[in-house]
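Working notes, beginning with the structure itself.
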Amino acid sequence: MIKLRIKKPGLETYLREEILPKYADHDVGHGLAHIERVLNFAYQLSDVLGKKGVDEDLLTTAVICHDLGVTSNSRAGRAGHNVRSAAMVRADKGLSRFFTREEKRAVAMACYEHRASYRGERKDLLSKIVADADTMDSVNFERIILYFEERFAGESDESVIEQMWQHYMRKQHPEKGYARYDLPEAAVMAAPRREFLWKMLVEEGGRERFGVVMKEKMVEMRESGKVADDAKGWGS
Ligand SMILES: [Fe+2]
Ligand SMILES: [Fe+2]
């Protein structure tokens, strides 16, 4: 796990020992490696925002808690996970040692509002940073491959690639996709990562190219034995 930006005495130990272990059984899309990448994005955004940003104790805690409510690697396990994450934060008495009631409420709210499919308006900057940092990790090819491979284990590569294509079209398409960034700073940071994918999704013959690129990536990942550190069940 990367270096946490925390000032409050005892909070880092609490998060590392009491909260992060809860991710041990999570699927590859919502496990520790994901939390680490989202933290990195959140800190990058925090650096760009500078003094306009939020307290990093709060930001670190919110990112670490945002996917706690994922119960399994299935549609049902993910449905409502934002609501469960928020409830878990509210019920966590340990966090009250470090935060005021208002602060804890803001962390729970950031968890509640973090999903790309959330249709309400995010008011707090904390919520916006967490949601945008999470969205930035949704363009990650390796994460998607690991996630879909695990979720559709036993299906052919073509079938897995088709599921990924449908997912990307729904989420990342530049006009029709539901993934949006609240912060202009996040959109700028994410632009180069999205550009390649966006081209494929809107160009004629894009589906074919997407298939070729994904297939190459899948083979490369198998050959190098490259798996995320929280990838369970890979190859077994
Ligand atoms: Fe999530
Ligand atoms: Fe997430």
Criterion: in a helix (DSSP H, G or I), within 30 Å of residue 153 (Cα to Cα), out of contact with any strand residue (DSSP E or B) (no Cβ under 9 Å at 6 or more places or on another chain) and more than 16 Å from ligand 2 (Cβ to nearest atom) - qualifying residue of 76, 87, 106: 76
Checking residue 235 against (1) modelled with pLDDT of 85 or more; (2) at positive phi, the condition it does not meet: (1)
Positions within the range 195-219 being at pLDDT 90 or above and among the acidic types (Asp, Glu), in sequence order: 208, 216
Filter pass, residue 153 being modelled with pLDDT of 95 or more, away from ligand 1 (no atom under 11 Å from the Cβ) and surrounded by fewer than 17 Cβ atoms within 10 Å (Cβ to Cβ): no
Residue match in the range 125-139 (condition: of a type in the set (A, V, I, L, M), modelled with pLDDT of 90 or more, assigned by TED's automatic domain parsing to the domain that holds residue 33 and away from ligand 1 (no atom under 16 Å from the Cβ)): yes
Meets criteria (part of a helix (DSSP H, G or I) and among the polar types (S, T, N, Q)) for residue 46: yes
Scope the range 13-46; condition crowded, with 19+ Cβ neighbours inside 10 Å, among the β-branched types (Val, Ile, Thr) and over 17 Å from residue 148 (Cα atoms); matching residues: 19, 35, 38
Residue check for residue 182: assigned by TED's automatic domain parsing to the domain that holds residue 118, at pLDDT 90 or above and in contact with a helix residue (DSSP H, G or I) (Cβ under 9 Å, 6 or more places away or on another chain): no
From 70, 83, 63, residue being within 13 Å of ligand 1 (Cβ to nearest atom) and surrounded by fewer than 18 Cβ atoms within 10 Å (Cβ to Cβ): 83
Residue match in the range 86-101 (condition: within 16 Å of the chain's Cα centre (by Cα) and within 14 Å of residue 30 (Cα to Cα)): no
Any hit, the range 92-102, residues being within 16 Å of ligand 2 (Cβ to nearest atom) and either closer than 21 Å to residue 2 by Cβ or crowded, with 20+ Cβ neighbours inside 10 Å (or both): no
Residue count, the range 24-42 (criterion: without any contact (Cβ under 8 Å) to a residue 40 or more places away in the chain and within 13 Å of ligand 1 (Cβ to nearest atom)): 1
Candidate set from the range 40-73 (those that are β-branched (Val, Ile, Thr) and either within 16 Å of ligand 2 (Cβ to nearest atom) or touching a strand residue (DSSP E or B) at 6+ places or on another chain (Cβ under 9 Å) (or both)); member that is farthest from residue 84 (Cα to Cα): 60
Tally, over the range 175-229, of residues that are part of a loop (DSSP other than H, G, I, E, B) and under 29 Å from residue 23 (Cα atoms): 12
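The values are calculated or read from the model by the stated rules, or taken from the named source; none is laboratory data. Bear in mind the structure is a predicted one, so any value in this text is a computation, not a measurement. A quick note on method: Cβ atoms are made from the backbone with ideal geometry, for glycine too, and the neighbour counts reach across all protein chains shown.
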